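The values are calculated or read from the model by the stated rules, or taken from the named source; none is laboratory data. As the structure is a prediction and not an experimental result, all values here were calculated from the model. Every residue, glycine as well, gets a Cβ built from its backbone with ideal geometry; the counts of neighbours run over all protein chains shown.
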Amino acid sequence: MSDLIRVRDLTVSFKTRHEAILAVDRLSFKLKENEILGIVGESGSGKSQTVLSIMGLLEQNGSATGEANFHGINLLSLSMSELNRIRGKEIGMIFQDPMSSLNPYITIGSQMSQILAQHTDLTKKEREEKCVEMLDLVGITNPQKRFDGYSFELSGGMRQRVMIASALLTSPKLLIADEPTTALDVTVQEKILDLILEVRDRFHMSVILITHDLGVVARTCEKVLVMKEGRLQEEGELNQIYYSPESEYTRELLNKSKQINLVNSKDPRKEEKTAYEENKLVEAKEVSVLFDLPKEGLFAPRELIAAVDGVSAEILEGEIIGVVGESGSGKSSFSRTILGLQKVTSGELRVLGQQLNSQKTFVAKTLRQRMQVVFQDPYSSLNPRMTIQEILLEPLLVFFSDQDRSVRFDRIRDVLVEVGLDEHFLGRYPHELSGGQCQRVAIARALLPIPELLVCDEAVSALDASVRAEIIDLLVRLKNDRGLTILFIAHDLAVVRKICDRVIVMEKGKIVEQGDTEKVFQNPKEEYTKNLISSVPVADPRLEKQRRLERLSKAN
Amino acid sequence: MNPTNSLASDAWSALSKNRAAWFSAMALTTMVLLVLLGPLVSPHEVDQTNWSKLAKPPSMDDGHIFGTDDLGRDLFVRTMYGGRISLMVGIVATLVSVLIGVSYGAISGFVGGKVDSIMMRIVDVLYAMPFLFFVILLMVFFGRSIFLIFVAIGAVNWLDIARIVRGQTLTIKGKEFVDAAKAGGVSTFRIIFRHIVPNLMGIVVVYVALTVPQVILVESFLSFLGLGVQEPMTSWGALVNQGARQMESSPWILLFPALFLAVTLFCFNFIGDGLRDALDPKDRTNINE
Amino acid sequence: MTNLKFIFGRLAGAIPTLLVLICFAFFLVKSAPGGPFDFERSLPEEVEKNLREAYNLDDPLYLQLTKYVGSILTGDFGPSFQYRDYTVTELIMSGFPVSLRLGVAAIFLALILGGTIGTIAALNQNSRLDYSVMFFGMVGISIPNFVMAPLLVLIFSIALNILPAGGYANGAPLHMILPVVALALPQAAYIARLTRGSMIEVLNSNFVRTTRAQGLPLNTIIFKHVLKPTFLPVISYLGPATAAIITGSVVVEQIFGLPGLGRYFVQGALNRDYTLVMGVVIFYGLLIIGFNLIVDTVYGFIDPRIKHNR
């Protein structure tokens, strides 16, 4: 097989007012025909800028030097109109955010048809036929209707399918996928990745897949480039990189991803408990929470949607209990209801001995003190107009208004040390802190009232992998040191498996399955749970290959 | 350190980076000083007529640097006095509308639900009213008092601010730090004044800067029609009106007040624009949603 | 079918606004001291009787209001105080064509001028051209109609002597140029800035990046993908723009001596011709509500997301 694309000494830099930033530094690689190449790296590694520069899509202040030879033509040296004869025709591209990557103002059909009008001589009717056929091929039901419809009528996964169909219209030689599944739920991710593999075979294309997830690479790619801070760290065949990595950085990445991994990922610190103390901190019986859907007109009938639908569960003292589910599963609504931020519509909910029911929205201060929360977005969970000191002082003013000033400051200092910060942070504002530091402050704030129950609502989801591991360590340590009970809401199954004693699986507001973490993960009873677990890509190419074969045989 | 300090420093760094806004702020400061101090140093009085110098063009010799009007009054002093009225109307009426708008918008956004939709529907309805004409009606019916101008203009201009503050309140209310405060047992009162209001200040500052020129414009419009400030008081609008009537023979009577008015509006607009780029966290096209 | 329903829905939504407008006007007149219905000042008995009859003053308040609403909806604004021989409706109808001509021309000029300039500036973002467009745009916004109009007269009529300084001359185009320009310029400036901001946002959007990746040439991208979302905010600004144009027309007609609605209004206000002023205000209100309704409906048809939600 010959080389489809040969990149030599690719350097991408951005000019800002004060300095020039080097995003990609003398990168060279080759891609053969019909080959799938994965480019992995953490944020800031330059992996996206690499492909954007090849496609001529850099921001205005960016420039690229070096060579990117495609069929012997250096793409970097082409004029815009020359480049337009290649991109969209020979090279197709799909992006991370399928929500915003399609034009919401014109029909899907007209967007797709324009590509064919630009690159082929087909008549209008032939173009439409081809588009509908392609929508059908990528698994979109009722393709004619979608052709005439708009992108906002579709789910995220369906939009990504439309993007793929658009890219395939001209039967390109190369498909570039820039984090194509990062914004999607895991079960949808699985389907999109399988679709990419399937169309690769059908159209005999090469694929470049950009991702931060080593599992995604293990599942789909044949060759791998590892990048860090704009430089190539290592390149090679998939198995070689995963099973005998040469570079230190690759080993580090792999270790991190294996530490938190669905397969064989029991945390040694997780204590073996034979029996739980039967002290129930939270007891939910048939709890439902209903929301009003936005009304269509002033006199339209009220429409309700159940965010939480007849949930029965309990939280036992001293455990870390995980709630997992995909977007729309109601896991966050459930935790907000326990916190008293959301009214119970029906059912019985007893939290720390107090009944929360639909009549009562007021939650006593003493109860508030005993449960605290840490949210997902580290920046938006701290008031940007308050200093760290003011933020940490607030719970003390609320719950311990009789304490002396000096006692308060001692406590703030102690808790900062406990979460791994120090008093130098007190005078700063949240925007001066990193994401991980903000999350530590949020945890410190939650600890100050000395709660019994800590709710972590996707508390580690927005963090980079290395920071995530640190915060998880901190949570586990706090649980052991303080005897905290933690309700851990997450969509990341691997993290849940690592630290949780028990797990609740939710789907569409209902509990699908619950039980001891290991039992649920090793031997899931429900089909939904099985699917959910097997959809998560694992950084183990052999296992992923075997799984894919299983999926294919199941499909046939 | 307190939140207003951090806001002030945000605004400061925003303005110092934006050269146009920076220049406008300097020009505006100069203008305010001139308007306040100018009449004090001038040898002429605002209502002092001089029959020997009717409609004289500007000249350095006799101290009438902007010339005189058709009654022989010194145009410089009159322009400065007019400026005092225009700026005062601008600032006072803006404060009235900001007060109404911020309270209305914040309540609507914070309470939410049915109250919110009713309150916003009222704003929608009021939006379609030709208020400027109602103000004129008020002037016609109730006589032309400067107090009425303040109230009337203030009452007209609060709608925009109410909408924007409500939108911003909704955004802040959805932020996780507000939920964290609620879950942390912080009282509603404290949540509003410690968490929501300080985060609204940015947008309020922006819209104060953008409302002042609008208000000055409305006052000038009324005065131009002869329905605003009455003699012996004057304002830039009234002076422009007077000047427009005799621009053929003595154009300076029009040009000086017109220049002051336009430059002031221009500076306020530029400052407001610069502040908005820096402080308005929300993307502008979404304001109406 | 859904389209009809949508339009009727919008129409129904305007009814409360309409009623509020009329009630506002009604109670404003009622409460005015020294107003037309304040019979403490001595009016000739005849006049008072006529007034009582014309405004049903002997009826209970709610009946007065209903009759008032009814008469306005049938286009009857009552007799004028000042022009004894005319009804307010007749006066409005004589002035309206002049104002309409002026206003429509100004709106179109503002849209075309502002839209074009804004687009050019956006496509040359951060160039010297862009900066000067933005600067002069701000200058344009900051110079009110009533300053712009005399300045234009000063330059084009008095100094250069190429255009007439005023008068209607039965709408001769030459006479309309300065009034239309004076009325349109501030709006054109605003629309230019609005268009530029909106277009830059669209140009930076992910879906435009997608079209570039698809190899579409710039022209196709602009015409097929960018223009529609760019002009949506401009379309929704047309409502406020009309209100501003109507307001502006009052002074512009005054300055150029055009026999339009605005002139009647100012004369009426200065002469305390209550019924005339009231009639014109309600008429303006109706115009603004009606135009907002049209803009809203058109917007609903252009933005597919609104179509989707209805």
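At a glance:
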item	result
Verdict on C:VAL280 being of a type in the set (Val, Ile, Thr) and away from chain B (no Cβ under 11 Å)	no
Test for A:ILE391: is it in contact (Cβ under 8 Å) with a residue 12 or more places away in the chain, more than 12 Å from chain B (Cβ to nearest Cβ) and closer than 21 Å to A:LEU341 by Cα	no
Number of the exception - A:ASP501 against (1) closer than 18 Å to A:VAL536 by Cβ; (2) touching a residue at least 40 places away in the same chain (Cβ under 8 Å); (3) acidic (Asp, Glu)	(1)
Residue, nearest to A:TYR429 (Cα to Cα), within region A:387-409, restricted to residues that are acidic (Asp, Glu) and surrounded by fewer than 17 Cβ atoms within 10 Å (Cβ to Cβ)	A:ASP404
Selection within region A:25-65 - in a loop (DSSP other than H, G, I, E, B) and charged (D, E, K, R)	A:GLU33, A:GLU35, A:GLU42, A:GLU59
Given (1) part of a helix (DSSP H, G or I); (2) more than 25 Å from A:LEU478 (Cα to Cα), number of the condition A:PHE334 does not satisfy	(2)
Any hit, region A:396-405, residues being more than 17 Å from B:VAL186 (Cα to Cα), modelled with pLDDT under 90 and at the interface with chain B (Cβ under 9 Å from one of its Cβ atoms)	no
Only listed residue being polar (S, T, N, Q), more than 26 Å from B:GLY228 (Cα to Cα) and in contact (Cβ under 8 Å) with a residue 12 or more places away in the chain, chosen from B:SER108, B:SER103	B:SER108
Positions within region A:29-50 being touching a residue at least 60 places away in the same chain (Cβ under 8 Å) and either of a type in the set (Phe, Trp, Tyr) or closer than 22 Å to A:ASP201 by Cα (or both), in sequence order	A:PHE29, A:LEU31, A:LYS32, A:GLU33, A:ASN34, A:GLU35, A:ILE36, A:LEU37, A:GLY38, A:ILE39
Residues of region A:510-533 that turn out to be in a helix (DSSP H, G or I) and touching a Ser or Thr at 6+ places or on another chain (Cβ under 8 Å), as a count	3
Selection status of B:ASP116, within 14 Å of chain A (Cβ to nearest Cβ), charged (D, E, K, R) and assigned to a helix (DSSP H, G or I)	yes
Residue in region C:88-109 that is buried (at least 19 other Cβ atoms within 10 Å of the Cβ), within 13 Å of chain B (Cβ to nearest Cβ) and not charged (D, E, K, R) present	no
Positions within region A:125-149 being within 14 Å of chain C (Cβ to nearest Cβ) and surrounded by fewer than 18 Cβ atoms within 10 Å (Cβ to Cβ), in sequence order	A:LYS145, A:ASP148, A:GLY149
Answer residue from region C:255-272, given it is over 17 Å from the mean Cα position of the chain (by Cα) and facing chain B (nearest Cβ under 9 Å) and is modelled with the highest pLDDT among those	C:ILE255
Scan of region A:52-74 for residues that are under 19 Å from A:ARG6 (Cβ atoms) and within 10 Å of another protein chain (Cβ to nearest Cβ), ordered by number	A:LEU52, A:MET55, A:GLY56
Some residue of region B:226-241 being within 8 Å of another protein chain (Cβ to nearest Cβ), outside any helix (DSSP H, G or I) and either crowded, with 22+ Cβ neighbours inside 10 Å or of a type in the set (A, V, I, L, M) (or both)	yes
Criterion (surrounded by 23 or more Cβ atoms within 10 Å (Cβ to Cβ) and either of a type in the set (Asp, Glu) or modelled with pLDDT of 90 or more (or both)) met by exactly one of A:VAL503, A:VAL512	A:VAL503
Subset of region C:133-170 (residues that are of a type in the set (Phe, Trp, Tyr), in a helix (DSSP H, G or I) and either in contact (Cβ under 8 Å) with a residue 24 or more places away in the chain or under 22 Å from C:ALA241 (Cβ atoms) (or both))	C:PHE135, C:PHE136, C:PHE146
Neighbours by Cβ (under 9 Å, 6+ apart or cross-chain): first from region A:364-387, more than 7 Å from chain B (Cβ to nearest Cβ) and in a helix (DSSP H, G or I); second crowded, with 20+ Cβ neighbours inside 10 Å and β-branched (Val, Ile, Thr)	A:LEU367/A:VAL351; A:ARG370/A:VAL351
Selection status of A:ALA469, surrounded by fewer than 22 Cβ atoms within 10 Å (Cβ to Cβ) and touching a Ser or Thr at 6+ places or on another chain (Cβ under 8 Å)	no
Candidates C:THR211, C:THR230, filtered to the one that is touching a Ser or Thr at 6+ places or on another chain (Cβ under 7 Å), within 11 Å of chain A (Cβ to nearest Cβ) and either under 30 Å from A:ASN103 (Cα atoms) or outside any helix (DSSP H, G or I) (or both)	C:THR230
Filter pass, C:ARG101 being over 25 Å from B:GLN214 (Cα atoms) and out of contact with any helix residue (DSSP H, G or I) (no Cβ under 9 Å at 6 or more places or on another chain)	no
All positions within region B:103-133 that are touching a helix residue (DSSP H, G or I) at 6+ places or on another chain (Cβ under 7 Å) and modelled with pLDDT under 85	B:VAL125, B:LEU126, B:TYR127, B:ALA128, B:MET129, B:PRO130, B:PHE131, B:LEU132, B:PHE133
Top-ranked residue of region A:64-114 - restricted to ones that are of a type in the set (Val, Ile, Thr) and over 30 Å from C:GLY300 (Cβ atoms), ranked as nearest to the chain's Cα centre (by Cα)	A:ILE94
Residue match in region A:75-97 (condition: more than 8 Å from chain C (Cβ to nearest Cβ), of a type in the set (Asp, Glu) and assigned to a loop (DSSP other than H, G, I, E, B))	yes
Odd one out for A:GLY436, checked against (1) over 22 Å from A:ARG468 (Cβ atoms); (2) modelled with pLDDT under 90; (3) more than 14 Å from chain B (Cβ to nearest Cβ)	(1)
Subset of region B:249-279 (residues that are more than 10 Å from chain C (Cβ to nearest Cβ), in a helix (DSSP H, G or I) and either closer than 19 Å to C:ILE158 by Cβ or out of contact with any helix residue (DSSP H, G or I) (no Cβ under 8 Å at 6 or more places or on another chain) (or both))	B:TRP252, B:ILE253, B:PHE256
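Every residue, every condition in (1) out of contact with any helix residue (DSSP H, G or I) (no Cβ under 8 Å at 6 or more places or on another chain); (2) under 13 Å from B:VAL98 (Cα atoms); (3) more than 8 Å from chain A (Cβ to nearest Cβ); (4) of a type in the set (Val, Ile, Thr), yes or no:
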position: B:VAL156; (1), (2), (3), (4): no, yes, yes, yes
position: B:ILE161; (1), (2), (3), (4): no, yes, yes, yes
position: B:ARG166; (1), (2), (3), (4): no, yes, yes, no
position: B:GLY185; (1), (2), (3), (4): no, no, no, no
position: B:ILE216; (1), (2), (3), (4): no, no, yes, yes
